[in-house]
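Computed from the coordinates by the stated procedures, all read-outs in this text should not be read as laboratory data. It should be emphasised that the depicted structure is a prediction, and the values quoted were computed from it without experimental measurement. Cβ atoms come from the backbone with ideal geometry, glycine included; neighbour counts cover every protein chain shown.
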Amino acid sequence: MKYVGKDGTPVFYLSDEDFNQKLNEYLKDIPKEQWPRYMQERPLYIYRTTGIGYYPNGMATSEGEIYIRYRARGDPELLAHEYGHVLGLGHTDNFTTMNPVGHKRFGDPHNLIPKTKANFPEIWRKHIHPHEAYRHTLIGGLGLMTAWAWFA
Ligand SMILES: [Zn+2]
């Protein structure tokens, strides 16, 4: 499934299998020292053996293409994060949209979420807006949003 943003940025939604294959293909051409920290062996090993840790749900290539796991399509911060890369932004340790870790994205100082929504209105309408509840389930493993929803 492919969408094209108003600025020409293509977004591909892939099954887990296709996404993993694309990710591995892409990483193959990049020296390992340049991989994101959370993709390097130790964290990946911990993730694979315990289920704890991070595994990317999206990626942006240097050619300006965005790939998203289909099951993560309802996550607005994820698409905004990958679009941030296309716009030339790198990662940050701040708890904002450009944090490499999905559940550490709270603030949006570059207004990436409204920019993404404006550039990809069809994606927003089809996958993100009606799936607000689904999004809470997706990151609910952390407990934070879930607990928040219960008590709010
Ligand atoms: Zn990133």
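Numbers at a glance
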read-out: Members of the range 6-60 that are within 16 Å of the ligand (Cβ to nearest atom), under 21 Å from GLY74 (Cβ atoms) and free of Cβ contacts under 8 Å to residues at least 24 places away in the same chain; value: TYR55
read-out: Single condition GLU41 does not satisfy, out of (1) surrounded by 12 or more Cβ atoms within 10 Å (Cβ to Cβ); (2) of a type in the set (Asp, Glu); (3) over 22 Å from ILE128 (Cα atoms); value: (1)
read-out: In the range 20-70, the residues that are of a type in the set (Ser, Thr, Tyr) and over 30 Å from ILE123 (Cα atoms); value: TYR45, THR49, THR50
read-out: Candidate set: the range 61-103, residues that are hydrophobic (A, V, I, L, M, F, W, C) and either in contact (Cβ under 8 Å) with a residue 60 or more places away in the chain or part of a helix (DSSP H, G or I) (or both); chosen: the one farthest from the ligand (Cβ to nearest atom); value: ALA72
read-out: Residue list for the range 1-31, restricted to those being of a type in the set (A, V, I, L, M, F, W, C) and in a helix (DSSP H, G or I); value: PHE19, LEU23, LEU27
